[in-house]
Amino acid sequence: MTDIKIEIINQLKDNYSYLLHNNNSLGIIVDPADDEKIINVLDSKKLKLECILITHHHSDHTSGALGLIKKFPNAQIYSPAELSSLKINNISNNSKVTTTLNEFEIFSAPGHTLDHVVLCDFKNKLLFVGDVLFRLGCGRVFEGTIDQMHDSLNKILNLSDDMKVYCGHEYTLNNLKFLEHVFKEDIILEKAKKQILQELEKNNRTIPFILGEEKKVNPFLNPNCQMSSEFKKDNSFSNLEFFRYLRKKKDNF
Ligand SMILES: [Fe+2]
């Protein structure tokens, strides 16, 4: 197994971009927003840019691509969406991207946007989910339907528990507040809160997180986790109705 290092680069207000490398000479960037900041990190590690991977077309995940390509014109871009003047390699459901470090398998995950993809490196157990899944939450449904978003989260739910998840934003604390509001005094949530507060104190971030742990505490991801099950039973919701209810409530929170 290649020993991949992942640098988490804070972007804009609460975005994350990710740099993958192995201390050799090349780096891979996921979802660039602030190119200057990313170039500084690449320079400090004496890395050249091999390629950029994009999860969806929103500008807070793509706006750094132009500046990066200006500095590293030979770098490839893998994107599910056109990026104005830039030449891209289109990725969609079941695409594979092979880099000098690893291989990404791509699957489509519409809902937040129609073009959204999730990037999976099964060998190294890495999952880049953009704005589909957040810790204790999920993305807003802007372009797709609730059913599509529910299906997309279901695809992630079916992946193995040992995947490490890297998402597009630091929204965890706000997501926690929402869950506390809906699922009052839930014991599992209380436990998750303790851990999240510790992580924030230590690293000022709650990313990455382990998919198997998330399946226990995120009702958007797992309609059958303990807190969901009780709530669904009381309100006689199907999984999809429960997701629709939660997403709508969160939109107005
Ligand atoms: Fe987005």
On the accessible surface of the range 5-251, probed at 1.4 Å with all protein chains in place, carbon and sulfur together account for a percent value of 47
Computed over the chain: longest principal axis from alpha-carbon atoms vs helix 226-235 long axis, angle to nearest 10 degrees, is 50
For the range 11-61, dividing by residue count, accessible area per residue (probe 1.4 Å) in Å² works out to 40
By the mean-Cβ-within-10 Å protection proxy, highest first, 239-249, 82-92 rank as 239-249, 82-92
Rounded to one decimal in nm, the spacing of the 7 Å Cα→Cβ label points at LEU12 and ASN174 is 1.2
So the angle from the long Cα axis of helix 146-157 to the longest Cα principal axis of the chain, reported in degrees to the nearest 10, equals 70
Partner aspartates and glutamates whose C-alpha sits under 14 Å from that of LYS87, ignoring same-chain residues fewer than 8 away, are none
With a 27 Å threshold on alpha-carbon distance, the violating pairs from LYS46/LYS215; LYS164/LYS194; LYS155/LYS248; LYS96/LYS249; LYS13/LYS45; LYS194/LYS249 are LYS46/LYS215; LYS96/LYS249
Quick tally, 1.4 Å probe accessible area for ASP115, ASP121, ASP161, sorted with the most first, runs ASP161, ASP115, ASP121
The rounded separation in angstrom of the Cα centers of the range 76-152 and the range 41-64 is 15
For LYS233, the aspartates and glutamates lying under 20 Å Cα to Cα, once residues fewer than eight places off in the same chain are dropped, come out as GLU180, GLU185, ASP186, GLU241
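Whenever you get a sec, line up TYR171, TYR166 from highest to lowest accessible area (probe 1.4 Å, protein heavy atoms).
Descending accessible area places them as TYR171, TYR166.
Using r as the Cβ-Cβ distance of LYS184 and ILE210, and R0 as 22 Å, what FRET efficiency do you calculate, to the nearest 0.05?
The computed FRET efficiency comes out at 0.30.
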Expected sort for 102-114, 41-53 on mean C-beta neighbours within 10 Å, highest first, is 102-114, 41-53
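The values are calculated or read from the model by the stated rules, or taken from the named source; none is laboratory data. In this text the structure is predicted, and so the values were computed from the model without any measurement. Note that each Cβ is placed from the backbone with ideal geometry, even for glycine, and that neighbours are counted across all protein chains shown. The area values use the complete protein model at the heavy-atom level, side chains included, leaving out ligands, DNA and RNA. Shrake-Rupley method; radii C 1.70, N 1.55, O 1.52, S 1.80 Å.
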